[in-house]
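K.L.:
There's a structure below that I have some questions on.
The values are calculated or read from the model by the stated rules, or taken from the named source; none is laboratory data. Nothing here was measured: the structure is a model prediction, and the numbers come from that model. FYI the Cβ positions are ideal-geometry reconstructions off the backbone, even for glycines, and counts take in every protein chain you see.
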Ligand SMILES: [Zn+2]
């Protein structure tokens, strides 16, 4: 909203501070002046670009801002001059309100023999300074009053009105061409200002085309009314019209303003030519008057106000005189009810004031927020972390130390991605008004976002990428949406560990992360396995040949591995990508593992290596199980030290692999004897041979 | 027992000990004069400190072990003095230019093999910082769902149905809500404020809570706006909480975030759930308040919204927690954009980078 300082000053005859000072003081009191510019001659002074919060419709005009200035500086606000020439005899135009819930007051005034033409004088000058387009004097007069004192009015070509003015609900299917030239079909939720035959305008939103003022107009009917905020808002939204009038009505206009606005508009039009016929017709719905304008007075306690606001660091503080002075200057009437207590009658233009707390805010605002002391409340109590915070920290630290950067991606994904990556079919939830087609669904998985980020990097020639994201996934239905905290991690490219040393990231890099992660939690069993495609268990976005799930105490906590080459191709990724998802909600059911130690043996460990050839069908899992099944207490460790396949099938037959199994024996309380080592070696060999292994000759 | 590598010890009296140790010291200093090269130093070390045949070992075997109890102390002191001197000579030799370089020289100016560490996301980093700052002032952490009901996101925060205040927060709505009562309709929360209500419904006052979280609005994206962003919300409710307490708390927090020279100023504003409401500006952290491009030459940067909890909010909460009686308690709430703070602190010019996963951007936070 643009405000001219010269126009403000016309309402504040005693005001003598500079425009700059005024702009600062208004800003600190909530009328945010965001720009101060020189106003065009001959108006002079400044143009203030202001931003006024939605609750302060009373200040969206010059008189309202002048009232604020009067309160700030303790000045007298000049009253509006509403004197009119005497009316020629006449009955006035008949008005019927048939929709009293929507229209609380309607005034109509007839002006005859007017001269319609361009505006001149102060209207033209102030409009020029505001950058406002001039139309015709009668229309400009209505806008001028709107900018001046804030109440919307409308001028009709009286000769096009047939019979009485009726404010009523629109008939379903009724048509109205509005001033913007659009033909609109109305329904029963719309309220129209009509005559006996037709709708003339959308009440409080926009006038109609057929009765608009034209250069040929001779006689005018001026409407100044009060419409219900919710009704106007519904209409304005449904028809997509955001007019100056609807903006003000839907925020709550001043019930007492219509006669004033009507008089001011009439004055301006009559400046050119014409006369008033009859007295103002003013139809008031008493129930609305009681609800809106004759509101109950509210109790105000100076002590309560001072107590809630706290100490001041500047000025007299929140005294009786200060607080009542502020409220008075804003238009409140105060009647003392007890020591430091008042019964406050609220101004009709401040529908935002309803309760004592609203008055306390006014006192704080006008006194100046920055004149209150900065204090800190005392506190005794405990500070609680979120229950999962230490687990989240453990997971985050592990991934960071493994070289994965933390990322945040979109909360939404496409319908295609939702179908591909949802943990079960049909659980993804769509958005009613998505940001874009690609963001049509709430993400049921973090993997699509991860793949988008990997692609983003690859498309920018960043080839070595490791990322993770901890975030919310959504499943359910429009009835109920469930949220869970999951983690996605993705890796592609090479791992560099020196100047001349790098290797491609592979499945086992991801598996190592999952192993280390699950090791941070207390669990009885952790295992990894692959699934045949037919089982349907492995998410089909993974390549079943190089993917696994991780199961902790019987519950699947992660799927990870190589992205399926089909998915890779459809996303046009130019190199293989590894990706996985960890169900943190499931993992976090376990507590963090408390480290516990065993005594270190003082006796020498003994290493024995076994080189065997196995068919590919025998997995390491089987070898390990067989070794632990031997229940040799002294067998401290066994691991695959080297695995070898011969593509030519010479040293190792095709369909087989050789493995060097490295074992370590140690006793906590004695030196191991050769005989027992020999016996253990023999049983290891025979057990592994029974699995299908063949001992290689060295 | 005798050994010709050490002098004769004629007795355990001070004079005899002095004479014997003086002789050893003379030998020592003579040997130290020719410590040239690694081999010579090693030879010297073996001669004096060798485990089996070193002179010190011999002294220990020949003199210490046979010494009468009353002589142990004076002998031990002299022995230790000699040992320290030998070690000092060896240290000097090692530090000096005596040792020749072995092996091919490396170019120590080549880059080291850095551990490849991941970087915490700047928003998460800011999030943790906010939690830490408010934890030091007694604030616990709270969370709530990202998909909210109309009741918690709007109605209970005093945004009545069809109220213009709702226009300021364009909302992303879940599909298929039309048939439900307005209060039950599901939407993406537009702010973290619903968690205020949820927490107060769960627990009676006093409350000090800081609520970080992801929020969404149906806004167009540009360099400084994203439809997906993060907020941290604060709530303090107790007996006798004042507007001055709100000001002091945020002034303190901003100094903790941006440095103790930062100043705050408060402007009237409007939020349906606070009254009085305020916008808070901090003195520009880039120019110190003199005025620059970043602060549009005003010297101030607008950073957060806040206010005293509107009694109407306690009215909604009291349906479940009667202890929130606005006659007895008061409180304040505040909210700020984590993304915006991160962008300011780290000089990020495009908010889109925060949600891109761009490694070149993220690795700067490692
Ligand atoms: Zn600056």
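K.L.:
May I ask you to verify whether residue A:420 is surrounded by fewer than 23 Cβ atoms within 10 Å (Cβ to Cβ), under 29 Å from the mean Cα position of the chain (by Cα) and more than 9 Å from chain B (Cβ to nearest Cβ)?
P.N.:
So residue A:420 passes the test.
K.L.:
Now, a different point. Please work out which one of (1) at pLDDT 95 or above; (2) more than 16 Å from the ligand (Cβ to nearest atom); (3) closer than 30 Å to residue A:355 by Cα is the condition residue B:319 fails and give its number.
P.N.:
Residue B:319 satisfies every listed condition except (1).
K.L.:
If I filter segment B:270-277 for residues that are within 16 Å of the ligand (Cβ to nearest atom), assigned by TED's automatic domain parsing to the domain that holds residue B:161 and within 26 Å of residue B:208 (Cα to Cα), do I get at least one hit?
P.N.:
no
K.L.:
Can you tell which of B:204, B:181 is out of contact with any helix residue (DSSP H, G or I) (no Cβ under 8 Å at 6 or more places or on another chain), assigned by TED's automatic domain parsing to the domain that holds residue B:324 and farther than 17 Å from residue B:315 by Cβ?
P.N.:
Exactly one residue qualifies, and that residue is B:181.
K.L.:
Considering only segment A:387-417, how many residues are more than 29 Å from the chain's Cα centre (by Cα) and without any contact (Cβ under 8 Å) to a residue 60 or more places away in the chain?
P.N.:
The total comes to 3.
K.L.:
Separate question: Can you pull out every residue in segment A:428-463 that is more than 8 Å from every other protein chain (Cβ to nearest Cβ), over 14 Å from residue B:228 (Cβ atoms) and surrounded by fewer than 23 Cβ atoms within 10 Å (Cβ to Cβ)?
P.N.:
A:437, A:440, A:455, A:458, A:459, A:461, A:463
K.L.:
Additional query: Quick test of your reading of the structure: residue A:120 fulfils all but one of (1) at pLDDT below 95; (2) touching a strand residue (DSSP E or B) at 6+ places or on another chain (Cβ under 9 Å). Name the failing condition by number.
P.N.:
Going through (1) at pLDDT below 95; (2) touching a strand residue (DSSP E or B) at 6+ places or on another chain (Cβ under 9 Å) one by one, residue A:120 breaks only (2).
K.L.:
The conditions are (1) away from chain B (no Cβ under 14 Å); (2) farther than 30 Å from residue A:114 by Cβ, and residue A:256 fails exactly one of them. Which is it?
P.N.:
(2)
K.L.:
Report the residue count in segment B:278-288 for those that are more than 16 Å from the ligand (Cβ to nearest atom) and surrounded by fewer than 24 Cβ atoms within 10 Å (Cβ to Cβ).
P.N.:
1
K.L.:
Return only the number of the condition from (1) surrounded by 21 or more Cβ atoms within 10 Å (Cβ to Cβ); (2) within 16 Å of the ligand (Cβ to nearest atom) that residue B:313 does not satisfy.
P.N.:
Status for residue B:313: all satisfied but (2).
K.L.:
Please specify each residue of segment B:213-230 satisfying the condition of being surrounded by fewer than 23 Cβ atoms within 10 Å (Cβ to Cβ) and either under 18 Å from residue A:433 (Cα atoms) or in contact with a strand residue (DSSP E or B) (Cβ under 9 Å, 6 or more places away or on another chain) (or both).
P.N.:
Once the filter is applied, which keeps residues that are surrounded by fewer than 23 Cβ atoms within 10 Å (Cβ to Cβ) and either under 18 Å from residue A:433 (Cα atoms) or in contact with a strand residue (DSSP E or B) (Cβ under 9 Å, 6 or more places away or on another chain) (or both), segment B:213-230 yields B:213, B:214, B:217, B:218, B:219, B:220, B:221, B:226, B:227, B:229.
K.L.:
Then there is this: Is it the case that residue A:92 is modelled with pLDDT under 95, surrounded by 14 or more Cβ atoms within 10 Å (Cβ to Cβ) and outside any strand (DSSP E or B)?
P.N.:
Answer is yes for this residue.
K.L.:
Taking strands (runs of 3 or more DSSP E) that fall entirely within segment B:264-366, which contain at least 3 residues that are in contact (Cβ under 8 Å) with a residue 40 or more places away in the chain and away from chain A (no Cβ under 13 Å)?
P.N.:
The strands (runs of 3 or more DSSP E) meeting that bar are B:300-309, B:330-337.
K.L.:
Name the residue, out of A:508, A:474, A:531, A:489, that is more than 9 Å from chain B (Cβ to nearest Cβ), modelled with pLDDT of 95 or more and either over 30 Å from residue B:110 (Cβ atoms) or touching a strand residue (DSSP E or B) at 6+ places or on another chain (Cβ under 6 Å) (or both).
P.N.:
From the options A:508, A:474, A:531, A:489, the qualifying one is A:489.
K.L.:
Within the bounds of segment B:295-304, is there any residue that is away from the ligand (no atom under 16 Å from the Cβ), assigned by TED's automatic domain parsing to the domain that holds residue B:249, buried (at least 21 other Cβ atoms within 10 Å of the Cβ) and closer than 20 Å to residue B:247 by Cβ?
P.N.:
Scanning segment B:295-304 turns up at least one residue that is away from the ligand (no atom under 16 Å from the Cβ), assigned by TED's automatic domain parsing to the domain that holds residue B:249, buried (at least 21 other Cβ atoms within 10 Å of the Cβ) and closer than 20 Å to residue B:247 by Cβ.
K.L.:
Now for a different question. Can you confirm whether segment B:193-205 contains a residue that is facing chain A (nearest Cβ under 9 Å), buried (at least 16 other Cβ atoms within 10 Å of the Cβ) and touching a residue at least 12 places away in the same chain (Cβ under 8 Å)?
P.N.:
Within segment B:193-205 (the criterion being facing chain A (nearest Cβ under 9 Å), buried (at least 16 other Cβ atoms within 10 Å of the Cβ) and touching a residue at least 12 places away in the same chain (Cβ under 8 Å)), the answer is no, since none of the residues qualifies.
K.L.:
A further question on this structure: Going residue by residue through segment B:242-261, is there one that turns out to be within 16 Å of the ligand (Cβ to nearest atom), within 13 Å of chain A (Cβ to nearest Cβ), in contact (Cβ under 8 Å) with a residue 12 or more places away in the chain and under 32 Å from the mean Cα position of the chain (by Cα)?
P.N.:
Yes - at least one qualifying residue is present in segment B:242-261.
One line per residue, one yes/no per condition, for (1) away from chain B (no Cβ under 14 Å); (2) not in a loop (DSSP other than H, G, I, E, B):
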position: A:296; (1), (2): yes, no
position: A:304; (1), (2): no, yes
position: A:335; (1), (2): yes, yes
position: A:347; (1), (2): yes, no
position: A:352; (1), (2): no, no
position: A:358; (1), (2): no, yes
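K.L.:
Still on this model: Of all the residues that make up segment B:338-351, how many are more than 14 Å from residue B:129 (Cα to Cα) and surrounded by fewer than 16 Cβ atoms within 10 Å (Cβ to Cβ)?
P.N.:
Matching residues across segment B:338-351 total 3.
K.L.:
Hey, among B:109, B:91, which residue is part of a loop (DSSP other than H, G, I, E, B) and either at the interface with chain A (Cβ under 9 Å from one of its Cβ atoms) or more than 30 Å from residue B:335 (Cα to Cα) (or both)?
P.N.:
The unique qualifying residue is B:109.
K.L.:
Now for a separate question. How many of the residues in segment A:360-389 are more than 9 Å from every other protein chain (Cβ to nearest Cβ) and touching a strand residue (DSSP E or B) at 6+ places or on another chain (Cβ under 6 Å)?
P.N.:
1
K.L.:
Might you let me know whether segment A:101-109 holds any residue that is in contact (Cβ under 8 Å) with a residue 24 or more places away in the chain and more than 30 Å from residue A:287 (Cα to Cα)?
P.N.:
no
K.L.:
Still on this structure, please answer the following. Identify, by number, the condition in (1) under 23 Å from the mean Cα position of the chain (by Cα); (2) more than 30 Å from residue A:33 (Cα to Cα) that residue B:330 doesn't meet.
P.N.:
Going through (1) under 23 Å from the mean Cα position of the chain (by Cα); (2) more than 30 Å from residue A:33 (Cα to Cα) one by one, residue B:330 breaks only (1).
K.L.:
Now a separate question. Whether any residue in segment B:322-340 is within 16 Å of the ligand (Cβ to nearest atom) and either outside the structural domain of residue B:158 (by TED's automatic domain parsing) or within 22 Å of residue B:247 (Cβ to Cβ) (or both) is what I want to check.
P.N.:
Yes - at least one qualifying residue is present in segment B:322-340.
K.L.:
Pick from A:479, A:469: which is at the interface with another protein chain (Cβ under 9 Å from one of its Cβ atoms) and buried (at least 17 other Cβ atoms within 10 Å of the Cβ)?
P.N.:
Step by step, each of A:479, A:469 is checked, and only A:469 is at the interface with another protein chain (Cβ under 9 Å from one of its Cβ atoms) and buried (at least 17 other Cβ atoms within 10 Å of the Cβ).
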